[in-house]
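Notes for the one structure printed next.
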Amino acid sequence: MLEDWRSVLLLQKERDELFKALDLQNNSKTKWSQKEFLQIRRPVKQTGISIKDLAEAFLQRLMMLDYRARYIPVQQESSDVNNSQAVPVSDSAVTDDDDLDALFTTNIDIEQSKENHVHPMDVQMAAFHFSDSFLKQKMITKLSQCQYALPLLVPDPLTSNIDCPLWTFRQLTKTWKISTTKENATTVTMKSMPIYKAQTPMVSFFRLGSMSLSKSQLMNALINDRHDTFFHRNCKGSTKSRHLMDGVAEIAWYYPAGKPNDFFTDCIAFCNLHGDSLVNVKQCEILTEMSSVIVVLVPTLEKSQESTAVISMLYTSSKPLIILSADNECSAVQMKPQKYKLGLKERSQTNVSEELKKIIKSLLSGPHTSFRLETMADVSGIKVDEDQKICQKGKSAAIKIIELIEGMDVAKIKDTFLPCQGQLWSNWCKINKELHHLKGDIEKEKGQKSQQLLKLRQKQCDASNRELMRLFTQSLKRLPPEEREYFLTWAQILIDALSTDDLSSILQKYDKTWSEVLVLKKKHDKFTQLKDKQTELELLSKKLQSATFGLEHIFREMGQIYEAHKTLNKLSLSRQPDWTKYPELAADLMISGHPMELMDGDAGHVPLIWISSLLKEVIKKLGDQRVFVLSVLGVQSSGKSTMLNAMFGLQFTVSAGRCTKGAYMQLVKLSEEIKDNYKFDYILVVDTEGLRALELEGNATLHHDNELATFVVGLGNMTLINIFGENPAEMQDVLQIVVQAFMRMKKVKLSPSCVFVHQNVTDITAAEKNMDGKRRLQEKLDKMTQLAAKEEVCDVECFSDVIAFDVQKDVKYFAQLWEGSPPMAPPNPGYSESVQELKSIILSKAKQSTGITLSHFNNKIQDLWNALMNEHFVFSFKNTQEIAVYRKLEVQYGHWTWALRSEMLNIENQLYPRIEKGQLDKVDKNDLIKEMAKTYEDVTKHMAAYFEDDKDKEMLVQWRGQFENKIKEFHEELVRGVKRKLDEVIQQNNARKMLDKKKTEFENYLLQKSKELAHQLKCIAADEEELKAHFSTIWSHWVKELTSDTKPIENINLEEDQIAVLQELGVEWGLIDESKRSKRYKSLSQHGDYFYYIKTKRSVGGVWKMFKMTVFPHEVFPHEEQKQIRLLINEVEQECLSVVKSKPVATRGFTSTYLKELAQHIKLHIEKFESQRNYVFKKEFSVDLSLHVFDRAEGWILNSFKIYRQKNDVFTYLDTKKNEYYKIFRSFCKGSSSAVVFGEIMCEKLKVSAVEAVCNKTGVDIAGQMMCSFPAFNGNRLNLEKHVLASLAEKEDFNIFITYIQNPRAQVEAFIKEQVKKYMFMTQKVKAQNILKKNVEEISRVISQALFEATEKIKHIKGNIEMWVEEFSRKLKPKLILDIVSCQNFSDINNFDFLKEEIEKGLKSITTEMSKLSLEKVNDCRHKPDQILIDQLCNCCWETCPFCAAVCTNTLKDHRPEKHSVPFHRPNGVRSWHYRGTDDLVIDFCTTLVASDGNFHPNESDCLVPYKQYPTAGEPYASWSITADNSKLAFWKWFVCHFQKELEQYYNKKFQGHGEIPQDWKNFSKDDAIESLNEMCSL
């Protein structure tokens, strides 16, 4: 007993040393988890692996299906590698005398003779013991795939318990073929089932005692003579000592292939109890009980042996027994029925194994007991891993679900319990796709189909509350993470078990029918039979689809329930309903490594609402992580999923007996050890159903494949294209689809990379063959590229023009998966090596990529699928993420341009008064650039930082050059504009130099005269009225004296000039008078119908044309011509305004010649327009257009003339000076000193300059404040447009709407003016007043500071009054520019402190007066806030949609190569479009039309172009990007309904016939309309 105890302690010590050597801690808390182990780790080392890394290396290689994982060589711990010897050298003396003694010494003292590496099976079992349940399960699955035996009974290394890891077998599903012969005919039946349910015979092998012959090796010969299923002593790496295998019972199954050379005709389990069965008594008893046949190996058959009792017991039992004796040479002998004896001595293993096979076959051909793995749970005396509480909780939850469906026909389960995804979802997808192929009354049809979709969603809601889904989702919610994993695994295990038999039967029939179809296809005379068989195949395919049931269908149902309720907004008022939690539940699963269905393979559709919500929940939990998206494409059953599972340890959820269908996505995390080497956190793998899937054969297969390929290629940062075998025809089909997908990506500016994987190549080692294969692949790709280029209309010659591709680096050849013929063949080691190499290639390429954020991936899914719904993907694709990034960039662009503009306005404010006051007569462009240098540098730095540091920098880079150039151009334009403006002021100054000279003389004269008169009238100084009367009398005399040789400038009469100009051109007075009285010319550009103004040209057929025009006016004069006339009016107006504004009215006055020039300009434009038409204008049009232009120009002319008169008319000038000189006169009368009077003069000039400076600065500041904080102005052009439209809706004024529709810029400018007015005088009046107050305080501070410093300096240098004025003026700059002050009459001033005091008194009064300045004064200044904002915000694109005339909302004026776009498209009838030959207004949106099957006549031509191909119609269509949005925008639907009568009256047409307004449009309220603007902006 003591000896046994010592033996146990020694064994325990050896095990502890083993675990320590393998770097495994003997603590259950440190077990490896599946989640941790399936992260992407460092590449598997091939050589130089130390003992401590052995267990991890074993598991990593096993996961990659490398059966050589058992035979990993360990690096010797030698300090000197170069001097290490292949064979150890003895340390014994080797002299002539004793070398023979050394030779014959039994124990040579060589250190290396001791084994210093670990037994391979100890490594395997150590890894097994230190893995959690789920990793063990995965490990057993991989061992099974490697055709290795699996542990069935395992002694716990820490206790004496015997464990049965039944749980680890649960996911093993095996397929084999049974061959039965009857009446000389052999029938092969396929069987596929979970191995734990398989009822098979079991043959158990025991060893009693110690012997040299290997039991495991003998068993291998029975199962697979080419592969070591059971590890044995002669295997590579085997050692004498092992610590974890004794007492372990391993099991393996033989699976027949249904071929003549099968060892056995049915599946048989073989069990191997390692170690001496005399010691491992408990295991021996259990296996004896469960076995069908027992094989015992003994060293000898003698009664005196320890084994005698065991053999006697077995011999007398009813179990068939075969005894193999090591010391016996006899052949097989039947001792009595079912009892055999066989000698092993000096017999070949082949002979022994053949005899054994015969005996076993014979024994099993008769009655025998069967073994089923799951019965191990009922065996007493062992600990079954499934008995853990946590596992049982998961199982209990799963069983509740299974109980609901148990006993049902599998094909009916989905219809009964998962109704939302069946016919309802299929019908929804069908109708949704039809929305993209509308014809006829498009909006009406769309409305009807939309209602059908809602009804289907309602039906889904009504059907959604089924018990199965309730139980399933409740379990997901309440179970903790680990229990939840057990629950899901159990659920899938039990579901698969239910459907196995049915699926197996259907698959067998399908396989047989498919083979018959292939044969009939070759026989051209069997057409009818072929058709019948294809119909049968289609029915089997549908049956297979119905019978396929797995967890993925339950998740799909969750998605459909969510989509249905979400669409109908079925929220409960009392509590949050269960369905709202579904995305969160699915997100938890996806994060924990579960695959999620991306595309429903049965319906061929992506559930966008579900996927979007799911990914948003993932982002909530993980943050917006960056992922590298890896997509996989290839022919069905080409091993894509197997490759991914081997590469990343993934197990895409597929139902029993089925390939992946649809597309699944799964997150694989990068481990912490390699995370820093990459710019993303996860690889997101997208696995897809095979291209040319058999089930879809003949059912729009090509379209489906193109759709799938385009979708997954677009999603992926990299796409693996998996080609199977070496059949050129199959390869060609796949390549054509793939190349077309990549070409589409190029055209929509997506640039994924690709790697071709060529699987199942017979000889991947032949370099020459590989080179030839690559050459042929390159040729095929180039050929396919040329074919696809024609279809996609793309100018490319070879595949590398489409995508960066190097045939030498981007093609990987894979060996065959199996080393031999399945089902008993192990995986080919070369396959595992290929997987490892491919993984390295992928990770190497991924290292160069930043991947994409999960939110971007989410957007990409939506964009790609929405585009694919339309036939013309390239025209339909809208990159939402790119649009969002571009819109953000536009906002930044607005900030940068405002920084430049506001600084330039400040510079202008400093220079303008200096020029105006004659203190600066030249402005150099370089000086302006120098003044702007710091701001421009700051802006360029901010811009560079934005492009380099923003999280979307990879996407932003495409616009960097364009925006840098735009900022440069904007800066240059600002400089040119300000220089031009200042040069005009300089020209004005030069033009009135004589007057300015006179002004100086006048001022000196008037000052002198005022002084003299005051001395004369000192006696009446107290009487104010008498002083005023005397001054007025004498002032009139002075004015006469000064202007004796000058004439006043007369006012102009524009109305008389306009009439005279038109009459000179031959227009009758009556026409002019009638137009003036009716005032119709004022709104000429907003007329709805210009038919009144036209008449046909006189020609042959003119009478017929006149008749047609009278009877069918809209056939002769279609809406396109209406648009062209309106464009003519706007164009003439803009050009004429530019012409008139170029005239020097403000500097030289006005002449009627300017109006004549405008009239001639108008006439030429009309003549040119008429020359290109089959009609001409009546005289009324020419009159109305001329008066319209004169009316628009009138305000500018009058204002400019007013400026001219103020600055050039002596009488006006002197009139403004009267009050100023009366004050001087009055001061002198009162006896004031020169200093007092001079102080008053200075204060008057300071007040004028200060008020001007304060108002201009306040104007710029208010504009800046609104640019920063006012919602309509602080974004991009799209944001402004949204607020303009919302404002129009709030007012509900049809006339303003029409102004916007006909002349959008005018309405936007009016909106800006209105909002500025509201801001300044109503909503933010206090804020505006505070800005004004701040500027008043600032200018007062500047004046006080300048006054103090100038006075101190002049006192110090004892200067005179002129020096004081000069110094004071200099100190005020650049904030304030003082007008020139004449000191001629004040040379006696020398007390500058007194002067300072007098000016300070006046300054208080000025400050008080300025603090009372009204905001109206600011609005009258040179820099009006509204005009500043108009200049800033309207300097953008104003192109209009060629269909609906909606304005492009790009913030940049010239934004090429970006196409024009706007989210606010509208019904074409809004701009008077009607159906040809009718008065029916069009209600279709162009965003619906471009997805329909309709056609249009571009530019009113006779040719027809499909709406889906609108860019092919040439300009202006080609420069627009109009993406289908199913006319979601409620705004214009509300407008059409609300103003139906007004629109009909305005355009003289009706919403009737094809243009009848759909009923559902009338349900939209004004609030809905405004809210829809926000929704469209956020898309």
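The values are calculated or read from the model by the stated rules, or taken from the named source; none is laboratory data. Predicted model, so just to flag it, every value in this text is computed and none were measured. Cβ coordinates were reconstructed from backbone atoms using ideal geometry, including for glycine residues, and neighbour counts include every protein chain displayed. Just the protein is used for accessible areas: all its heavy atoms, side chains included, with ligands, DNA and RNA removed. Shrake-Rupley method; radii C 1.70, N 1.55, O 1.52, S 1.80 Å.
Is there any pair linking a residue in the range 331-345 that is on the phi < 0 side of the Ramachandran plot to one that is hydroxyl-bearing (Ser, Thr, Tyr) and buried (at least 18 other Cβ atoms within 10 Å of the Cβ), with Cβ under 8 Å and at least six apart or on different chains, and which? Going by the 8 Å Cβ cut-off, the qualifying pairs are Ala332/Tyr340; Val333/Tyr340; Gln334/Tyr340; Lys341/Ser325; Leu342/Ser325; Gly343/Ser325; Leu344/Ser325; Lys345/Ser325. Among the candidates Lys1528, Lys1533, the residue that is buried (at least 22 other Cβ atoms within 10 Å of the Cβ), closer than 30 Å to Leu453 by Cα and of a type in the set (Lys, Arg) is uniquely Lys1533.
Could you tell me whether Leu1429 is of a type outside the set (Asp, Glu), open to solvent by less than 60 Å² (accessible area, probe 1.4 Å) and outside any helix (DSSP H, G or I)?
Details: of a type outside the set (Asp, Glu): yes; open to solvent by less than 60 Å² (accessible area, probe 1.4 Å): yes; outside any helix (DSSP H, G or I): no.
It is false that Leu1429 is of a type outside the set (Asp, Glu), open to solvent by less than 60 Å² (accessible area, probe 1.4 Å) and outside any helix (DSSP H, G or I).
Number of residues in the range 11-33 that are farther than 22 Å from Ser671 by Cα and modelled with pLDDT of 70 or more: the value is 11.
Could you check the range 580-622 and list, in sequence order, the residues that are of a type in the set (Val, Ile, Thr) and in contact with a strand residue (DSSP E or B) (Cβ under 6 Å, 6 or more places away or on another chain)?
Here is the first cut: in the range 580-622, the ones of a type in the set (Val, Ile, Thr) are 580, 591, 606, 609, 611, 618-619.
Val606 - this is the single residue of the range 580-622 that is of a type in the set (Val, Ile, Thr) and in contact with a strand residue (DSSP E or B) (Cβ under 6 Å, 6 or more places away or on another chain).
Applying a threshold of 6 Å to beta carbon distances and a minimum spacing of six or more residues, or different chains, the list of pairs starting in the range 1341-1357 at a residue that is among the polar types (S, T, N, Q) and ending at one that is assigned to a helix (DSSP H, G or I) and open to solvent by less than 60 Å² (accessible area, probe 1.4 Å) reads Thr1351/Phe1392; Thr1351/Lys1396.
Of all residues in the range 932-954, which are in contact with a strand residue (DSSP E or B) (Cβ under 9 Å, 6 or more places away or on another chain) and assigned to a helix (DSSP H, G or I)? Walk me through how you get there before you give the answer.
Of the residues in the range 932-954, the ones in contact with a strand residue (DSSP E or B) (Cβ under 9 Å, 6 or more places away or on another chain) are 951-952, 954.
Result: Glu954, single match.
Residues that are out of contact with any helix residue (DSSP H, G or I) (no Cβ under 6 Å at 6 or more places or on another chain) and small (Gly, Ala, Ser) do not occur anywhere in the range 1525-1546. Scan the range 1301-1318 and tell me whether some residue there is touching a residue at least 60 places away in the same chain (Cβ under 8 Å), of a type outside the set (Ser, Thr, Tyr) and not in a helix (DSSP H, G or I). Yes, there is a match, as at least one residue in the range 1301-1318 is touching a residue at least 60 places away in the same chain (Cβ under 8 Å), of a type outside the set (Ser, Thr, Tyr) and not in a helix (DSSP H, G or I).
This table checks each residue for (1) modelled with pLDDT of 50 or more; (2) open to solvent by 90 Å² or more (accessible area, probe 1.4 Å); (3) assigned to a helix (DSSP H, G or I).
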| site | (1), (2), (3) |
| --- | --- |
| Tyr1092 | yes, yes, yes |
| Lys1108 | no, no, yes |
| His1114 | no, no, yes |
| Leu1127 | yes, no, yes |
| Glu1135 | yes, no, yes |
| Val1139 | yes, no, yes |
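Could you please let me know if Pro1558 is under 26 Å from Leu864 (Cα atoms), at pLDDT 85 or above and open to solvent by less than 50 Å² (accessible area, probe 1.4 Å)? No, not satisfied.
Out of the residues in the range 457-515 that are closer than 15 Å to Thr173 by Cβ, at pLDDT below 80 and among the acidic types (Asp, Glu), state the one that is surrounded by the most Cβ atoms within 10 Å (Cβ to Cβ). Selected residue: Asp502.
Can you tell me which residue among Ala846, Ala884, Ala899, Ala867 is more than 13 Å from the chain's Cα centre (by Cα), within 30 Å of Thr940 (Cα to Cα) and of a type in the set (Gly, Ala, Ser)? Step through it out loud before you land on a result.
Values: Ala846 fails: within 30 Å of Thr940 (Cα to Cα); Ala884 fails: more than 13 Å from the chain's Cα centre (by Cα); Ala867 fails: within 30 Å of Thr940 (Cα to Cα).
Answer to the selection: Ala899.
Would you call Thr181 modelled with pLDDT under 90, assigned to a strand (DSSP E or B) and exposed (fewer than 15 other Cβ atoms within 10 Å of the Cβ)? It is true that Thr181 is modelled with pLDDT under 90, assigned to a strand (DSSP E or B) and exposed (fewer than 15 other Cβ atoms within 10 Å of the Cβ). Among the residues that make up the range 539-547, is at least one of them over 28 Å from Thr473 (Cα atoms) and more than 39 Å from the chain's Cα centre (by Cα)? Yes, some residue in the range 539-547 is over 28 Å from Thr473 (Cα atoms) and more than 39 Å from the chain's Cα centre (by Cα).
Selection of the range 1451-1500 for residues being open to solvent by 10 Å² or more (accessible area, probe 1.4 Å), farther than 30 Å from Tyr893 by Cβ and of a type in the set (Ser, Thr, Tyr) yields Tyr1475, Thr1478. Output the residue which, of all residues in the range 840-854 that are part of a helix (DSSP H, G or I) and open to solvent by less than 30 Å² (accessible area, probe 1.4 Å), is nearest to Leu608 (Cα to Cα). Of everything passing the filter in the range 840-854, Leu854 is nearest to Leu608 (Cα to Cα).
Checked against the criterion of being in contact with a Pro (Cβ under 8 Å, 6 or more places away or on another chain) and assigned to a helix (DSSP H, G or I), the candidates Gln910, Gln988 yield just one match: Gln910. The number of residues in the range 370-408 being more than 18 Å from Pro480 (Cβ to Cβ), open to solvent by 70 Å² or more (accessible area, probe 1.4 Å) and either in a helix (DSSP H, G or I) or polar (S, T, N, Q) (or both) comes to 4.
Condition check: touching a Gly at 6+ places or on another chain (Cβ under 9 Å), closer than 30 Å to Lys981 by Cβ, of a type in the set (S, T, N, Q) and free of Cβ contacts under 8 Å to residues at least 60 places away in the same chain. Does Gln1432 satisfy that? So Gln1432 fails the test. So is Met376 free of Cβ contacts under 8 Å to residues at least 12 places away in the same chain, of a type in the set (A, V, I, L, M, F, W, C) and under 30 Å from Pro157 (Cβ atoms) or not? So Met376 does not fit the description; no. Filtering Cys1448, Cys1421 for residues that are open to solvent by less than 40 Å² (accessible area, probe 1.4 Å) and more than 30 Å from Ser1340 (Cβ to Cβ) leaves a single hit, Cys1448.
What tally of residues in the range 875-924 results from selecting those that are within 30 Å of His437 (Cα to Cα) and open to solvent by less than 30 Å² (accessible area, probe 1.4 Å)?
6
For Asp415, the conditions (1) buried (at least 17 other Cβ atoms within 10 Å of the Cβ); (2) touching a Gly at 6+ places or on another chain (Cβ under 8 Å) are fulfilled apart from (1).
Determine if the range 913-936 includes at least one residue that is of a type in the set (D, E, K, R) and closer than 30 Å to Lys749 by Cβ. I'd like the intermediate steps shown before the answer.
Let us first name the residues in the range 913-936 that are of a type in the set (D, E, K, R), namely 914, 916-917, 921-922, 924-925, 927, 930-931, 934.
Pick out the ones that are also closer than 30 Å to Lys749 by Cβ and you get none.
Looking through the range 913-936, none of the residues is of a type in the set (D, E, K, R) and closer than 30 Å to Lys749 by Cβ.
Here Asp801 does not fit the description of being open to solvent by 40 Å² or more (accessible area, probe 1.4 Å), free of Cβ contacts under 8 Å to residues at least 24 places away in the same chain and part of a loop (DSSP other than H, G, I, E, B).
If the condition is being assigned to a helix (DSSP H, G or I) and open to solvent by 30 Å² or more (accessible area, probe 1.4 Å), then the range 1359-1397 contributes Glu1362, Met1363, Glu1366, Arg1370, Lys1371, Asp1393, Phe1394, Lys1396, Glu1397.
In the range 290-318, which residue that is in contact (Cβ under 8 Å) with a residue 12 or more places away in the chain and in a helix (DSSP H, G or I) is most open to solvent (accessible area, probe 1.4 Å)? For the range 290-318, the residue satisfying everything is Tyr315. Which ones in the range 129-141 are open to solvent by 10 Å² or more (accessible area, probe 1.4 Å) and out of contact with any Lys or Arg (no Cβ under 6 Å at 6 or more places or on another chain)? Within the range 129-141, His129, Ser133, Phe134, Lys136, Lys138, Thr141 qualify.
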